[in-house]
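The structure appears below as structure tokens.
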Amino acid sequence: MATVALLGTLDTKNEEYAWLLDQLHSLGVETLAIDTGSFSTSPLADVSSDEVITAAAMDADAVRARRDRGEMMGVMGAGAATIVRDLAEQGRVHGLLAIGGSGGSSVAAPAMQALPVGFPKLLVSTMASGDVKPYVGEVDTTLMYSVVDVAGINSISVMVLGNAVAAIAGMAKAYEARTALRDARSSLARSSGGGGEEHKPLVGVTMFGVTTPAANEAREALTELGYEVLVFHATGTGGRAMEKLVDSGLLAGVCDLTTTELADDLVGGVLSAGPDRLELAGAKGVPQVVSLGALDMVNFGPMDTVPTRFAGRNLYVHNPTVTLMRTTPEEMAELGRRIARKLAAATGPTELFVPLRGVSAIDVDGAPFRDADADTALFAALREGLAGSAVVVHEIDQAINDPGFGRAMAEALHSRITSK
């Protein structure tokens, strides 16, 4: 039978969670309640608040004695993340439901983000009608706006929470059935000596508008080679989403053709994926082929949103809502040093493809971002930083979108995956 984990402060939200438990049971779903109340000792809990704090490697008495609400929220979130991840890996739960305001949502978010893509997770929150990025992150969390505050059961919350219960029950049942079927097929395949049902391995490709020809060529080549290709738009969220799938163990390899998010992180553009971008595949030992797509640019919104400190820079209006700024030789050199450090630290097979004639569609001869000095600074820093490393470097006398460049990356990735 499917089991839904309920995560929340079972002291202050005792009435609401008791109602949720009853409703889930009526729908034929088992439950497992995890208490994240700071001082809670609720009899509803299957996992106590003490156990949650301990899972965060903290002493419950010491944390409570400090009475620091911010610290407590962080501890509860970290402990809950550890607990739900372990429960999911053990197959003991098949869905996660939480309800709350800003505090409860901030505790639930790390737990939901710790779960793999595909695992059912639903958050009913008073914050779901605003900026939801902190709660969703890069996973497939379902958000539902609570409409009224999470404060008792009333005629409105019965409708909203009733829909949430029905949704998570249905998702958990479907997930449990898929998991059981997959396990049965694997067991049958092992007992019969067969290979079981074959699934195409998944690979990720990063793309931007100015690297589309190369990404499409890589995608087509990888498809021909027998892969299911997932393309990620390198807009900050796209890069993080791809790396979340790497972290979930779902990708056999990565064709990281478009690393432009690193430029936004360095200079302060709006499409940063954070300072850790381009590290996860290497840390996990996942085969990766990497290029320098769109490192010639930093992204901003409409022209009037570009910070005044960049007045006088080479700016290009990509469309009415996107303004691009050319990276300087100094910035490109720093990007080269950062990329070299990240790739040299990789524990898995890694290859770098360097397009010597331009890193984007507008960084070619006659185009508005062509700057040979800036590109040369990038390439020199990469050569210096990767000297003596295990990274295989291909310097190709082409622009990134020239025919053959994307295919070469795809074939290299295939070779690395199949030789593991």
Mind listing the phi-derived Karplus ³J(HN,Hα) values for region 302-319, rounded to whole Hz, using 6.51, -1.76 and 1.60 with θ = phi - 60°, and x for any glycine or proline? x, 3, 6, 9, 5, x, 4, 5, 9, 4, x, 6, 6, 10, 9, 7, 6, 7
Computed over region 53-209: relative contact order in percent, which uses C-alpha pairs under 8 Å that are six or more apart: 17
Ignoring everything but the protein chains, give the 1.4 Å probe accessible area of Thr321 in square angstrom, nearest 10. 90
Where nothing but the Cβ of Lys and Arg (+1) and of Asp and Glu (-1) is charged, how large is the charge dipole of the chain around its Cα centre, in debye to the nearest 20? 320
Under the Karplus relation 6.51 cos²θ - 1.76 cosθ + 1.60, θ = phi - 60°, what is the ordered set of whole-Hz ³J(HN,Hα) values for region 39-56, x standing for Gly and Pro? 10, 6, 9, 5, x, 6, 6, 8, 10, 6, 5, 4, 5, 5, 5, 4, 5, 8
Rank these residues by their accessible area, most exposed first, probe 1.4 Å: Asp11, Asp61. Asp61, Asp11
How high is the FRET efficiency between Thr41 and Asp183 when r is their beta carbon distance and R₀ equals 35 Å, given to the nearest 0.05? 0.40
Length added when fully stretched, Asp276-Ala380, from 0.36 nm per residue minus Cα-Cα: 35.2 nm
Taking the solvent-accessible surface of protein heavy atoms with a 1.4 Å probe, what is the per residue accessible area of the chain in Å²? 43
With the crude spin-label approximation of a point 7 Å out along Cα→Cβ, what separation in nm comes out for Ala166 versus Ser415? 5.6
Here is the link list: Lys13/Lys121; Lys200/Lys244; Lys133/Lys200; Lys133/Lys173; Lys173/Lys284; Lys244/Lys342. Which ones come out longer than 25 Å on Cα distance? Lys133/Lys200; Lys133/Lys173; Lys173/Lys284
Leaving out ligands, DNA and RNA, and with a 1.4 Å probe, what % of the accessible surface on the chain is carbon or sulfur? 53
Virtual spin-label span in nm between Tyr145 and Asn216, 7 Å along Cα→Cβ: 3.8
Relative contact order as a percentage, region 337-411, C-alpha pairs under 8 Å and 6+ apart, gives 46
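R0 = 41 Å: FRET efficiency of Asp61 with Thr321, Cβ-based, nearest 0.05? Could you put the intermediate results ahead of the total?
Values: r = 53 Å, r/R0 = 1.29.
Once the sixth-power term is evaluated, E becomes 0.20.
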Run the helix sum for the chain: -39,500 (n - 2.57) per DSSP H stretch of 4+ residues, divided by residue count, reported at 222 nm to the nearest 500 deg cm²/dmol. -14000 deg cm²/dmol
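What does the extension gain come out to for His25 and Ala174, with contour length at 0.36 nm per residue minus their alpha carbon separation?
52.0 nm
The values are calculated or read from the model by the stated rules, or taken from the named source; none is laboratory data. Everything numeric here is computed off the predicted structure, so don't read it as measured data. So basically every Cβ, Gly included, is an ideal-geometry build from the backbone, and we count neighbours across all protein chains shown. All accessible areas refer to the heavy atoms of the entire protein, side chains included, with ligands and DNA or RNA removed. Shrake-Rupley method; radii C 1.70, N 1.55, O 1.52, S 1.80 Å.
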